[in-house]
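The values are calculated or read from the model by the stated rules, or taken from the named source; none is laboratory data. Since we're looking at a predicted model, the values are computed, not measured. Reconstructed Cβ throughout: ideal geometry from the backbone, glycine too, with neighbour counts over all protein chains shown.
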């Protein structure tokens with residue numbers, strides 16, 4: 001029997017343990033927005049905003065990115 005799990009659970013776990021994954025997701029949102037894919041960028045950003053506290057904890061222990069500043073920059077720049 002194959003076990004399945006909710007993709008959001010998998011993403012949340014990865015966000016909690018892998019700051020580089022968070023950085024990659026945020027970079028993808030920015031690239032999508034720069035390429036005019038605002039609807040897709042917004043859809044990708046929506047679940048990330050729900051994980052904001054977890055992202056903050058992950059980035060604090062990782063490459064030194066402040067999630068609040070990254071989100072603010074994306075929201076200001078692209079109106080997401």
**Prompt:** Considering only the stretch 1-27, how many residues are over 11 Å from residue 74 (Cβ atoms) and at pLDDT 85 or above?
**Reply:** 1
**Request:** Among residues belonging to the stretch 65-80 that are surrounded by 15 or more Cβ atoms within 10 Å (Cβ to Cβ) and outside any helix (DSSP H, G or I), point out the one that is modelled with the lowest pLDDT.
**Result:** 80
**Request:** Would you be able to say whether some residue in the stretch 54-64 is at pLDDT 70 or above, surrounded by fewer than 14 Cβ atoms within 10 Å (Cβ to Cβ) and part of a helix (DSSP H, G or I)?
**Result:** no
**Request:** Note down all Cβ pairs under 7 Å where the first residue falls in the stretch 21-47 and is at negative phi, the second is not in a helix (DSSP H, G or I), and they're at least six residues apart or on different chains.
**Result:** 23/63; 23/65; 33/80; 41/80; 42/80; 45/80
